[in-house]
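See below for the structure under consideration.
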Amino acid sequence: MIDAPFGPDWKETTCESCGNCAEACPTGALIAKNRRKYQPGRVKKVLTTCPHCATGCQYYLVVRDNTIVDVEPADGPSNKGLLCVKGRFGSFNFVHSPERLKYPLIKNKETGEFERATWDEALDLIASKFTQIKKEYGPDALAGFACSRSPNEDCYMLQKMVRCAFGTNNVDNCARVCHSASVAGLAMTLGSGAMTNPIGDITGDVDCIMLVGSNPEEAHPVVGMQIRQAVARGARLIVVDPRDIGLSKMADVHIKLKPGTNVAFANGMMNVIINENLQDDEFIKERTEGYDEIKKIVMEYTPEKVGEICHIDPDLLREAALMYAKAKKAPIIYCLGVTEHSTGTEGVMSMSNMAMLVGKIGKSGCGVNPLRGQNNVQGACDMGALPGDFPGYQKVTNPDVIAKFEKAWGVELNKKPGTHATDVFGAAIRKEIRGLFIFGEDPVVTDADQNHIRKALESLDFFVLSDLFMTETAQYADVILPGTSYAEKEGTFSNTERRVQRVRKAVQLEGEMRLDTDIFIDLMNRMGYPQPQLTSEEIMDEIASLTPSFGGISHRRLDRGETLQWPCLDAKHPGTPIMHVGKFTRGLGWFYPAEYVPSAEQPDDEYPFILMTGRILYHYNTRAMTGKTPGLMMKEGHSFIEMNTEDAVRLGIENGEKIRVSSRRGTLTTTARVSEKVSPKETWMPFHFPDGNANILTNAALDKYARIPEYKVCAVKIEKI
Ligand code: SF4
C-alpha cells in the first residue's frame, strides 16, 4: 500500500513532529518543508546551541541573506544528531518576528504610553534614577534579575553591573523558580548543586533508570528520546510521577503518587532497601556522614505508612526499591516535580539520600541528575547571578572571596548577601526595594500568584525591563530596552550536564539595536563604575581568571572542537564528566534527615482539587519564542486543564468544555481535558498560555532554603460555566 506517513491525518496521531524521520530519510521521500525554501549551495551554516531547554542540543542555523531559513542537526555530545520539534522548527521564526522590540522606549507618565527614545535618553534616565535611589535609600534598594536564556557572558556582566555599579548583591535569575532547590540541596549534601553525570552516560549503558517528577519527553525531549532508546536496549524504568506520562507506559513500575509526597516516597524506598540489607555499607562508612540519623527516621516510613501518605500500593514501592537497589548502574533523573514544592530542597536531598544509601554516585551510569529547565539556567547560576554567590558559587560571605573580587573589579563590594528574586516582590511592596532591572524575564506570566507580582511591580519607584518582545511584565516598566537573541551574538551556554558550549552569531542586528553586554557596560559607566569595553571572548577570559571551576574554559578551546564540562581547572584540564568520583566536593556526602511535611495548601471542602502545573512539548515557558512559530501554535495554542473522568462525570463536565477554575488567589476559564492521566481529585495545567494562565491560581508558599514557590500543589475548585 502506498500512503502518506501516519495515514490521512498525522495531526490525529501520536507523531511529535520532531522531524527526525525526515532528517534520516535517505531517499528524500520525507522532507521538512523548510528545506524547500532555499538551495543548499546558497546558504551559510552556523554551528550553535538550541535556545530552549537545557539539553543543549547542537545544530546549524541555515542562513540566507541575513535570514535564518532552517535548522540542521549536528552530532553534539548531548543530542547525537537528534532534535525535538522546538529546536528544529521553533528556534528561528522569533528572531525575525516583526513584533521584536528594536529601540528603547520610555513611558510617558501623563499618557501611560511608551514613546520611542534614543539610547542616550534611555540610559541617562536609568542611570540617574538608579543613582538617585541608591543615594536616598542605599544600594540594597536596587535589584537586578539575569536572563537564563542569555549566554554566560551576558549573565556575568549583568551580575557585575548589579554588584559593582548598583552596589548590592540583590541579583538572581529564574533558577529561583525552577531548580534553586537543586542548587541549594545538592550543594548541602554533596557540595555541588549540579547534575552529577552526562546525559549520554545516564541513558547509555545503564540497567535501570529512576525518573522522579520529570516528563522529559515533553520538557527535555531529546533526553526523553534517549531514555526510550535505553529502555528499548533493555534498561528497566521506574517512573515516579502523579500523572500518566508518555514514559510511564514503558515503565516497569509507575509510582503514581500524590503530589507533594516525594520525601515520604524516598524515605519509604530507603526503608525497604535497609530492611532488605541492600544498602552499600562500605560506601556509607567511607564516603558519607549522618547515616545513623537518617536510618532512624526512615525506619518509621514503612511501605504501608508511605502507601497511605502517597496514595500508592506498598508492594509497588517494594518492587521499585528492590529494582533500583539491585541494579548495577542506575541513575536518578529528576526535574521540577521534585523541586517546585515548599519542601523542594528536602525533596532534592532525599534524592541524594537514596543514591548515597546504595553507593550509586560518583560512578558511570549512576548519580543524581536534575534536568535543568532553560537553556542557560545552569550558566546563569554558574555566573553568579545569585544573591549569595559570586561566579562559580564562591560565597559573598567569604572574606577571601570578597577580597579577590574587590581587587579584580577595583571597587568596594557589598558584603551582605542579597534578596532572593521571589522575596524581591514582597520587598518592593514594602518599599524596601525601589528600583529593579529585569533582563529577559516575564515574572507576571511565570511566577506564582500573578496578582502579587503585579502589585509589586506597581509599587516600584523605577522599573527597567530588557526583552525581545513587549511582554506582560513590560507593561509595568518605566523604560524598555530591546534585547538581542541568541542568533545575533557570540557567547556560551552551559547545559544541564555542566557542559559549556558555543553560541554563535548567525545574523546581524537590525538598525540601532545593541548587544546586551554593551548596554550593561554603557550603563555601568554612566553610573560611575569604569568598565572597559569587552568582547564576549574577553568576558569569558575574565570569568576564567576569577572562577576556579571555569579556569580552563575559553572560546578558543571550544572553537577548536573541545567540549568542556566544569569543573575545568586550567588550560590543559579536560573537564569533569562525572562528579564526586572518589570524594564528594564537600568531603563526605551528608545524609540529610528529611521528614515528610505536607504541602502548604491542602484541598478542603471549598477548594477540593489539587492543581499541578507544568510544560508541554510544543512550547517553552512564556511562549515568547515558540509562540512565534505558526506550526507550534497549530499543535497547541490554548490553555487547558487535565481532570479525571470520575470527577468530570460527577460535575457534569464534558471533555472539551469551557470551565471555571478558582483558587484563593484568582479565577480563570479554561478548557477541560478529561482522561485518566491525573488521579481523581487532582488536576494539571500548562502555564504557557495567556488565555487562562495557571499562575493566576498558584501558591507563592516558599521553600525555607531555596525560596522556590510551590507551583506543583495548590488547592482549586472547578465549576461548570
Ligand atoms: Fe532544543 Fe531541548 Fe529540543 Fe534539544 S531537546 S532541540 S535543546 S528544546
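The values are calculated or read from the model by the stated rules, or taken from the named source; none is laboratory data. Note that the structure is a prediction, hence the values are computed from the model and not measured. We place every Cβ from the backbone using ideal geometry, glycine too, and count neighbours over all the protein chains shown. The accessibility values were calculated without ligands, DNA or RNA, using every heavy atom of the protein model including side chains. Shrake-Rupley method; radii C 1.70, N 1.55, O 1.52, S 1.80 Å.
For a paramagnetic label modelled at 7 Å from the Cα of GLU289 toward its Cβ, which residues of the stretch 176-215 fall within the zone defined by backbone nitrogen distances under 14 Å?
Zone members listed by number: 188-191.
On a 1.4 Å probe surface of the protein chains, which of TRP590, TRP10, TRP566 comes out largest in accessible area, and what is the full order?
Sorted by accessible area, descending: TRP10, TRP590, TRP566.
If DNA, RNA and ligands are ignored and the probe is 1.4 Å, what is the ranking of HIS96, HIS311, HIS619 by accessible area, most exposed first? Please report the intermediate quantities before stating the final value.
On the way: HIS96 65, HIS311 120, HIS619 0 Å².
Highest to lowest solvent-accessible surface, that is HIS311, HIS96, HIS619.
Among the listed pairs LYS11/LYS328; LYS635/LYS704; LYS431/LYS681; LYS404/LYS572; LYS37/LYS635; LYS45/LYS86, which are separated by more than 30 Å between their Cα atoms? Can you show the working numbers first?
Details: LYS11/LYS328 41 Å; LYS635/LYS704 39 Å; LYS431/LYS681 40 Å; LYS404/LYS572 24 Å; LYS37/LYS635 22 Å; LYS45/LYS86 19 Å.
In this structure, LYS11/LYS328; LYS635/LYS704; LYS431/LYS681 lie more than 30 Å apart at Cα.
Is the shape of the stretch 180-371 rounded, prolate or oblate, going by the alpha carbon gyration tensor and its root eigenvalues a ≥ b ≥ c, with a/c under 1.5 for rounded and a/b larger than b/c for prolate?
Taking the square roots of the gyration eigenvalues as a ≥ b ≥ c, the stretch 180-371 is rounded.
Which aspartates and glutamates does LYS415 reach when only Cα atoms under 14 Å apart count, and residues fewer than 8 places away in its own chain are ignored?
Within the straight-line cut-off, LYS415 pairs with ASP140, ASP389, ASP400, GLU406.
If I take R0 = 30 Å and measure r between the Cβ atoms of GLU121 and SER545 in this structure, what FRET efficiency does the formula 1/(1 + (r/R0)^6) give, to the nearest 0.05?
In this case the efficiency is close to 0.25.
Just to confirm my numbers, what's the Cα centroid distance between the stretch 82-146 and the stretch 23-64 in Å?
Centre-to-centre distance over Cα atoms comes out at 31 Å.
Given a 1.4 angstrom probe, I'd like the percentage of the accessible area of the stretch 10-96 that is carbon and sulfur, rounded to a whole number.
52 percent
Using helices alone, I'd like the mean residue ellipticity at 222 nm for the chain: each DSSP H run of four-plus residues gives -39500 (n - 2.57), total over residue count, nearest 500. Could the numbers behind the result be given before it?
Values: 25 runs with 216 residues, N = 721.
Estimated from H runs of four or more residues: -8500 deg cm²/dmol.
Under a Cβ-only charge scheme (Lys and Arg +1, Asp and Glu -1), can you give me the dipole magnitude of the chain about the Cα centre, in debye to the nearest 20?
In debye, rounded to 20, the chain gives about 1220.
Round to the nearest 10 and report in Å² the accessible area of CYS18, as given by a 1.4 Å probe over the protein chains' heavy atoms.
Using a 1.4 Å probe on the heavy atoms, I get roughly 30 Å².
Please state the shape class of the chain: rounded when a/c is under 1.5, otherwise prolate if a/b exceeds b/c and oblate if not, all from the C-alpha gyration tensor.
rounded
Find the centroid of the Cα atoms in the stretch 534-584 and in the stretch 156-198, then give the distance between the two in whole Å.
Using only Cα atoms to place each centre, the spacing works out to 18 Å.
In square angstrom, rounded to the nearest 10, how much accessible surface does VAL500 have for a 1.4 Å probe?
That residue has around 0 Å² of solvent-accessible surface.
Taking amide hydrogens as modeled 1.01 Å from N in the peptide plane, which residues meet the under 5 Å criterion relative to ILE209, leaving out close sequence neighbours?
Here the answer is ARG236, LEU237, ILE238, since their amide H atoms fall under 5 Å of that of ILE209.
Check which residues have an amide H placed less than 5 Å from PHE114's amide H, if you skip close sequence neighbours.
Under 5 Å from the amide H of PHE114 lie the amide H atoms of ASN108, each far enough along the sequence or on another chain.
How much of LYS431 can a 1.4 Å solvent probe reach, expressed as accessible area in Å² and rounded to 10?
That residue has around 80 Å² of solvent-accessible surface.
Could you point to the residue in ASN451, ALA264, TYR529 farthest towards the positive end of the chain's charge dipole, with +1 and -1 charges on the Cβ of Lys/Arg and Asp/Glu respectively?
Checked the options; the winner is TYR529.
Could you report the chain's accessible area per residue, 1.4 Å probe, as an integer in Å²?
With the other protein chains kept in place, the chain gives 36 Å² per residue.
Using 1/(1 + (r/R0)^6) with R0 = 30 angstrom and r between the beta carbons of MET250 and GLN602, what's the FRET efficiency to the nearest 0.05? Please report the intermediate quantities before stating the final value.
Values: r = 33 Å, r/R0 = 1.09.
Between MET250 and GLN602 the formula returns 0.40.
Report in % the part of the accessible area of the stretch 180-371 that belongs to carbon and sulfur, leaving out ligands and nucleic acids; probe 1.4 Å. Could the numbers behind the result be given before it?
Numbers: 2540 of 5550 Å².
About 46 percent, which is the carbon plus sulfur part of the accessible surface.
For LYS328 and GLN132, calculate 0.36 nm times their separation in residues minus their Cα-Cα distance, and state this gained length in nm to one decimal.
Additional length available on full extension: 64.4 nm.
Taking a cut-off of 19 Å between Cα atoms, list the aspartates and glutamates near LYS80, but don't count ones fewer than 8 places away on the same chain.
GLU16, GLU23, ASP70, GLU72, ASP201, ASP205, GLU217, GLU218, GLU497, ASP559, GLU562
For the stretch 160-166, take each phi angle, set θ = phi - 60°, evaluate the Karplus expression 6.51 cos²θ - 1.76 cosθ + 1.60, and give the result in whole Hz per residue in order, putting x for glycine and proline.
Ordered by residue, 3J(HN,Hα) equals 5, 4, 5, 6, 8, 9, 6 Hz.
Roughly how many Å is it from the Cα centre of the stretch 662-708 to that of the stretch 337-406, as a whole number?
27 Å
Would you work out if the stretch 609-720 is rounded, prolate or oblate? Take a ≥ b ≥ c from the square roots of the eigenvalues of the alpha-carbon gyration tensor; rounded if a/c is under 1.5, else prolate when a/b is larger than b/c, oblate otherwise.
oblate
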